[in-house]
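Worksheet: one structure, shown below.
Read the figures in this text as sums done on the coordinates, not as results from a lab. Since this is a predicted model, take the numbers as computed values, not measurements. Please note: Cβ atoms are built from the backbone with ideal geometry, for glycine as well, and neighbour counts cover all protein chains shown.
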Amino acid sequence: MFKLILLVGAGGFIGSVGRYLVQLLFCKNTLSVFPYNTIIVNILGSLLIGVIYALSEKQNIMTPEWRIFLATGICGGFTTFSAFSYENISLLRDGHLMQALVYSSLSIIFGLLATYIGIILVKQLF
């Protein structure tokens, strides 16, 4: 168990640093208010987690430890949107259209609502 925690932590470090570097690269070279850096890491993370899970489904290509390091660690540190994307694809692939729609809708609506509530709480408390 401790080994897996270290793998996730090391991967998270790499993913977080990668996200920061993408942010530096695109914030420096962009005059737009559109969050290009966030959409880029979300799309790249989604692509990467798709590759990781596809490889992990092949026999003898990737160990469970590598999958945890790459998917949970690196992709998780780079973006949590990648897990959201994969979980929706899994639901759709398994024929659970309604659950995918509910999961997507609730994630977006309550994610935005929670962010807004957090902002309001801080403004009122400080």
Using the alpha-carbon atoms, what tilt in degrees (0 to 90, nearest 10) does helix 2-28 show relative to the longest principal axis of the chain? 50 degrees
Give me the net charge for the shell around T72: Cβ to Cβ below 14 angstrom, other residues only, Lys and Arg +1, Asp and Glu -1. 0
Reachable lysines from K123, criterion Cα separation under 19 angstrom, eight or more residues apart if same chain: none
With the chain treated as a Gaussian network of Cα nodes joined by springs under 10 Å, which of G95, G111, G77 yields the largest mean-square fluctuation? G111
Highest GNM mean-square fluctuation among T80, T115, T38, for the chain with Cα springs under 10 Å, belongs to T115
Once you keep just the Cα pairs under 8 angstrom separated by 6 or more residues, what percentage relative contact order results for the chain? 32 percent
Full-extension gain between I61 and Q23, please, as 0.36 nm times their residue separation minus the C-alpha to C-alpha distance. 10.5 nm
Under 10 Å, Cα contacts only: if you run a Gaussian network model on the chain, which one of I89, I43, I108 comes out with the highest mean-square fluctuation? I108
Which distance in Å, rounded to a whole number, links the C-alpha centroids of region 99-120 and region 1-70? 22 Å
Could you give me the ³J(HN,Hα) list for region 93-98, computed from phi with Karplus coefficients 6.51, -1.76, 1.60 and θ = phi - 60°, whole Hz, x at Gly and Pro? 4, 8, x, 9, 4, 4
Residues L31 and I5, FRET efficiency given R0 of 35 Å [Cβ-Cβ distance, rounded to 0.05]: 0.25
